[in-house]
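Undergrad: There's a structure below that I have some questions on.
The values are calculated or read from the model by the stated rules, or taken from the named source; none is laboratory data. As the structure is a computational prediction, the values presented were derived from the model and not from experiment. Neighbour counts run over all protein chains shown; Cβ positions are idealised from the backbone, glycine included. Keep in mind that these areas ignore ligands, DNA and RNA; they rest on the heavy atoms of the full protein, side chains included. Shrake-Rupley method; radii C 1.70, N 1.55, O 1.52, S 1.80 Å.
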Amino acid sequence: NTVRDRHQLRTLAVAITTVSVALCAVAAAIIYAIALNRLWFLHFPLGFYLLAQGLLIFVVVITFWYVRVQERIDHTRSLNEEIA
């Protein structure tokens with residue numbers, strides 16, 4: 001079924017994108033932590049803050065984005081199945 005295959009590919013693409021963005025953010029924060037520690041945010045070195053709190057907040061935000069996009073994909077599939 002082409003509708004199911006397209007749905008699975010879109011779902012896989014969104015999941016891979018979400019995980020890739022999260023891993024890149026973690027890698028960037030680790031790589032640049034020492035340089036970021038020269039800056040301060042809320043009385044903490046920025047590199048420390050990003051690794052301790054900032055990345056957690058980012059992961060929560062990107063998870064909500066993923067759920068929103070996935071719901072749109074699922075809704076589109078359900079509309080296509082009603083028509084077909």
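Undergrad: Does I73 meet the test of being assigned to a helix (DSSP H, G or I), on the phi < 0 side of the Ramachandran plot, at pLDDT below 95 and open to solvent by 40 Å² or more (accessible area, probe 1.4 Å)?
TA: The answer is no for I73.
Undergrad: Quickly run through the range 28-38 and pick out the residues that are in contact with a helix residue (DSSP H, G or I) (Cβ under 8 Å, 6 or more places away or on another chain), open to solvent by less than 100 Å² (accessible area, probe 1.4 Å) and either without any contact (Cβ under 8 Å) to a residue 12 or more places away in the chain or outside any helix (DSSP H, G or I) (or both).
TA: Of everything in the range 28-38, just one residue is in contact with a helix residue (DSSP H, G or I) (Cβ under 8 Å, 6 or more places away or on another chain), open to solvent by less than 100 Å² (accessible area, probe 1.4 Å) and either without any contact (Cβ under 8 Å) to a residue 12 or more places away in the chain or outside any helix (DSSP H, G or I) (or both), namely N37.
Undergrad: Please find, among L50, L56, L12, the residue that is exposed (fewer than 11 other Cβ atoms within 10 Å of the Cβ), free of Cβ contacts under 8 Å to residues at least 24 places away in the same chain, not in a loop (DSSP other than H, G, I, E, B) and not β-branched (V, I, T).
TA: It is L12.
Undergrad: Just checking, which of L50, L36 is out of contact with any strand residue (DSSP E or B) (no Cβ under 8 Å at 6 or more places or on another chain), modelled with pLDDT under 95 and at negative phi?
TA: Answer to the check: L50.
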